[in-house]
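Right, one structure below, let's go through it.
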Amino acid sequence: MWSVIAQFALVAPHLARIPVWVIGVYLFAALWRSMVYRGRWSFPGRMLKLALIVTSFISLYLSYGTFLGLEPTVALLLIGFALKLIELAQRKDAYVLLFLGYFVCVTEFLFSQDLLIVFYSMFTVLLLTTALLALHQPQQHKFNPRTIRLAGIMLLQAFPLMVVLFFLFPRIGPLWTVPLKSQAAKTGVSDFMRPGDISRLSQSSEVAFRVQFEGAIPNASQLYWRGLVFSKLEDGAWRSLDYYEVPATERRQKQPELVGDEIRYDIIMEPTQQGWLYGLRHAESNRSKVMSTADFRLYSPVVLEDEYHYTVESWPDAVLESELSQWRRKTELAVPRGSNPETLALAKELRLQHKNDRDLVNAILKKFNEEEYVYTLEPPLLGEQAMDEFLFQTRRGFCEHYAYAFTLLARAAGIPARVVAGYQGGEVNPVNKTIIVHQFDAHAWTEVWLEGEGWVRVDPTAAVSPDRIEWGLERAVATEGSFLSDSPLSLLNFRSVVWVNNLRLRYDALTWQWQSWIVGYDAETQYTVLQNWFGEISARKFVIVLLGSWAIVLIPVGIWLLTKRPVKAISKLDKYYLTYCDKLGKRGLSRAMGETPGNYAVRAKRKFPGSASEIDRINGLYAQLSYQDKTPESGTQLLTEFKRGVQRLKI
């Protein structure tokens, strides 16, 4: 029973990522095992086992289209874990099943290291340990709920050593690589942008990343989290430049002119299956695994499959690329031939009216601000000449529509421009003063290059909907009721319920601490911590510290276990019999040490002849309950009768 409970508990976190038929396999295995236990069915034969294996492999391939990747591999492990249940014949089979269960428990951390998942995994470890203990207890065929208490005590005894190992055991790199999550959708901003892409992303309430500033939090209007720079427009989509599209002489970032005060902050990103990172204008990081590109964005050389913690310094007023190379100018002015002719004609008209680049930029923003353009999460679909339709017909769009149109107009008018994608704003958590940036904060804007100023941020969305920048997406689209319309159960929809919102924010603050101190405790952090504690780390010193810490933890536990005398819990029968002895003792007839119940009863009848029949009945019931076989029902009835006889005894 404990094994079956543990199996279903272990598969529960995987329900959202495995095919529905895998649950059927678990139910089938549990039913078969139950029938075998009752003696109604026999164990499966070799041909049936072979049929189950072949069917599982075929079904798995039909569901995923491949056997490679993390999801199909874990699904295959779960299927084997379920089918092992139907062939449990000996104790060694149960060992295989339960030890495999510990491995299945670990697989959940390949997908999520959330705090709730950790607590749930500890619960499943408790169930598995309980099942192992039940294998070694008398009457193991009976289901005993008390076994889980002993398993809990054992895990608590192991907890101190676990803490020591976590902080001190070397963070060794993996001996093998885990395949990417083949079926998991890439989270967040993509490396290309078409009209409508970000508006679809903005229907999600998932957390993109969290930020904690050193000092005051900047205004919402200053929180532009740069992630990707789109410099190339082709086939109606903006995309970033590939590494080999950039000449070798242009791959190094030109040192900007650092002006104004710096801002320092920590970011913890959720897994994205991508390599780009986010930061405010001109971000630098001293972390070795964070790199910078020529277009002033941050990236990681490895994809982010787990939460990623990094520290950033930004200079919002820095002058970026005051001198523009010929290659960069040509790249940021390129416009596809034959596309959006009306838009290109408008750009030429505006250029004739405004010779100064800054004046032309302001003229485009004025057009968006004063004419009947609408900011909406539900923009209409656009055709092949997307910007012509948007600017002169539909006039309804999301941030990517306005950034796309503005950048195209600026380039056509001779101003180097590019689209920047990332996030804007974020929710301030008053509990721990962090910024929670959700997927619906995804945003796109434009950077234009102006003589003497370098790259300058221009956000055309602010000209159309200032509320989006100052107050966020929810207020900007409040009138159309489209905010999180696809996520009705999101806790963000219940922010008006005070206790729900407070609980959400407190849990998010706890998540920040968990990700900062536990999930983010990697080899680099471990080395820094140990160096602060023990000074310069050498191999000899490290071994002494590691073994010494083990001794500090294990020696007290060992002494306690060796000196602790086992105390057997007294049964209800003995408890009632001792009450009977106490009654006789208060009347001057104490039971001698080692005296049998029969001899004690003989002495009691001599001293209290008026109660002889009652004493005989009590002594007989005690002997019957102690030494004779009986059914559970008859035993319960006799124990009740014995208890009443002791209570009614009058001496």
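The values are calculated or read from the model by the stated rules, or taken from the named source; none is laboratory data. Just so you know, these numbers come straight off a predicted model, no measurement behind them. Don't worry about glycine lacking a Cβ; one is built from the backbone with ideal geometry, like all the others, and counts go over all protein chains shown.
Could you list, in sequence order, the residues of the range 40-85 that are of a type in the set (Phe, Trp, Tyr) and in a loop (DSSP other than H, G, I, E, B)? Within the range 40-85, TRP41, PHE43, PHE67 meet the criteria. Out of all the residues in the range 587-597, is one or more among the acidic types (Asp, Glu), under 20 Å from LYS572 (Cα atoms) and either at pLDDT below 90 or out of contact with any Leu (no Cβ under 6 Å at 6 or more places or on another chain) (or both)? No, there is no match, as no residue in the range 587-597 is among the acidic types (Asp, Glu), under 20 Å from LYS572 (Cα atoms) and either at pLDDT below 90 or out of contact with any Leu (no Cβ under 6 Å at 6 or more places or on another chain) (or both).
Within the range 14-38, the set of residues being surrounded by fewer than 13 Cβ atoms within 10 Å (Cβ to Cβ) and over 15 Å from ILE86 (Cβ atoms) comprises LEU15, ALA16, VAL20.
Among the numbered criteria (1) of a type in the set (Ser, Thr, Tyr); (2) more than 14 Å from PHE81 (Cβ to Cβ); (3) modelled with pLDDT under 90, which one does THR55 miss? Failing condition for THR55: (3).
With the condition kept exactly as written, say whether any residue in the range 480-499 is small (Gly, Ala, Ser), farther than 21 Å from VAL207 by Cβ, without any contact (Cβ under 8 Å) to a residue 24 or more places away in the chain and part of a helix (DSSP H, G or I). Checking the range 480-499: not a single residue is small (Gly, Ala, Ser), farther than 21 Å from VAL207 by Cβ, without any contact (Cβ under 8 Å) to a residue 24 or more places away in the chain and part of a helix (DSSP H, G or I). When residues in the range 444-459 are screened for being of a type outside the set (A, V, I, L, M, F, W, C) and either under 35 Å from the mean Cα position of the chain (by Cα) or assigned to a strand (DSSP E or B) (or both), 5 of them pass.
Close contacts from the range 355-366, counting a first residue that is farther than 20 Å from VAL464 by Cβ and a second that is buried (at least 20 other Cβ atoms within 10 Å of the Cβ), with Cβ to Cβ under 7 Å and a gap of 6+ residues or different chains, come to ASP357/ILE415. Is it true that some residue in the range 435-442 is farther than 15 Å from SER202 by Cβ and either crowded, with 24+ Cβ neighbours inside 10 Å or in contact with a Ser or Thr (Cβ under 8 Å, 6 or more places away or on another chain) (or both)? No: the range 435-442 contains no residue that is farther than 15 Å from SER202 by Cβ and either crowded, with 24+ Cβ neighbours inside 10 Å or in contact with a Ser or Thr (Cβ under 8 Å, 6 or more places away or on another chain) (or both).
Within the range 86-117, restricting attention to residues that are part of a loop (DSSP other than H, G, I, E, B) and of a type in the set (A, V, I, L, M), which residue is nearest to ALA131 (Cα to Cα)? Ranking the qualifying residues of the range 86-117, first place goes to LEU88.
Return a yes/no flag: does the range 483-495 have any residue that is of a type in the set (A, V, I, L, M, F, W, C), modelled with pLDDT under 95 and surrounded by 19 or more Cβ atoms within 10 Å (Cβ to Cβ). Checked the range 483-495: at least one residue is of a type in the set (A, V, I, L, M, F, W, C), modelled with pLDDT under 95 and surrounded by 19 or more Cβ atoms within 10 Å (Cβ to Cβ). A search for C-beta distances below 9 Å between a residue of the range 38-57 that is within 17 Å of PRO19 (Cα to Cα) and any residue that is of a type in the set (Phe, Trp, Tyr) and not in a helix (DSSP H, G or I), counting only pairs 6+ apart in sequence or on different chains, returns PHE57/PHE67. Of the numbered criteria (1) over 29 Å from LEU110 (Cα atoms); (2) of a type in the set (Lys, Arg); (3) at pLDDT 90 or above, the one ARG226 fails is (1).
Among all residues of the range 401-414, there is at least one that is in contact with a Lys or Arg (Cβ under 6 Å, 6 or more places away or on another chain), assigned by TED's automatic domain parsing to the domain that holds LEU223 and either outside any helix (DSSP H, G or I) or closer than 15 Å to THR461 by Cα (or both). Looking at the structure I just gave you, is GLU371 in contact (Cβ under 8 Å) with a residue 12 or more places away in the chain, closer than 20 Å to PHE483 by Cβ and surrounded by fewer than 20 Cβ atoms within 10 Å (Cβ to Cβ)? Considered against the rule, which asks whether it is in contact (Cβ under 8 Å) with a residue 12 or more places away in the chain, closer than 20 Å to PHE483 by Cβ and surrounded by fewer than 20 Cβ atoms within 10 Å (Cβ to Cβ), GLU371 comes out as no.
Out of curiosity, is ALA386 under 20 Å from VAL229 (Cβ atoms), small (Gly, Ala, Ser) and either modelled with pLDDT of 95 or more or more than 33 Å from the chain's Cα centre (by Cα) (or both)? It is false that ALA386 is under 20 Å from VAL229 (Cβ atoms), small (Gly, Ala, Ser) and either modelled with pLDDT of 95 or more or more than 33 Å from the chain's Cα centre (by Cα) (or both). Residues considered: VAL335, VAL361. Of these, the only one that is surrounded by fewer than 19 Cβ atoms within 10 Å (Cβ to Cβ) and assigned by TED's automatic domain parsing to the domain that holds GLU250 is VAL335. Put simply, of THR272, THR311 the only residue that is within 20 Å of GLY426 (Cβ to Cβ), part of a loop (DSSP other than H, G, I, E, B) and in the same structural domain as ARG329 (by TED's automatic domain parsing) is THR272. Applying the criterion of being basic (Lys, Arg) and under 23 Å from LEU110 (Cβ atoms) to the residues of the range 170-207, the residue that is modelled with the lowest pLDDT is LYS186. Taking into account only those residues within the range 469-482 that are within 20 Å of LEU223 (Cβ to Cβ) and touching an Asp or Glu at 6+ places or on another chain (Cβ under 9 Å), which is modelled with the highest pLDDT? Per the criteria, the residue is ILE469. Checking ASP441, ASP467 one by one, the residue that is assigned by TED's automatic domain parsing to the domain that holds ILE364 and within 29 Å of the chain's Cα centre (by Cα) is ASP441 and no other.
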